[in-house]
Amino acid sequence: MTDAELKAWWPDLGTVVEELRKSDQPAVADLLVNAVRAGATSGEILDNIGSVLREYRLLRSKLSAPAASAWDAVMADVYRAYPGLRIAHWFARLTRRST
């Protein structure tokens with residue numbers, strides 16, 4: 001899947017990938033594209049994408065406003081598919097700060 005195909009298939013994710021490539025983070029962009037390729041089902045794809053975005057969440061603050069908004073939209077899709085993750089991620093951040 002090319003970046004153009006990704007942008008046509010999932011515009012928000014395509015925007016994030018495009019911006020990461022422009023902001024000198026091509027390895028993270030490749031991880032996102034590979035996460036889509038590696039998934040056999042929509043659930044696997046969403047889980048893979050969510051894992052990458054959570055692992056590199058600090059990069060979100062370095063993106064332009066439209067790309068950050070697209071990042072949020074992709075995460076909203078992930079949380080819609082896996083509603084319990086929002087609480088788990090909040091709790092993980094809370095416990096990580098206290099240690």
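Observations on the model:
Okay, residues lined up against (1) buried (at least 19 other Cβ atoms within 10 Å of the Cβ); (2) closer than 17 Å to residue 82 by Cα:
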{"site": "3", "(1), (2)": "no, no"}
{"site": "8", "(1), (2)": "no, no"}
{"site": "19", "(1), (2)": "yes, no"}
{"site": "31", "(1), (2)": "yes, no"}
{"site": "48", "(1), (2)": "yes, yes"}
{"site": "68", "(1), (2)": "no, no"}
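- Positions within the range 5-40 being of a type in the set (A, V, I, L, M), in contact (Cβ under 8 Å) with a residue 12 or more places away in the chain and over 18 Å from residue 55 (Cα atoms), in sequence order: 6
Every number here is computed from the coordinates shown, using simple stated rules; none is lab data. Since the structure is predicted, the reported quantities are computational estimates derived from the model, not experimental observations. Note that we place each Cβ from the backbone using ideal geometry, even for glycine, and neighbour counts take in every protein chain shown.
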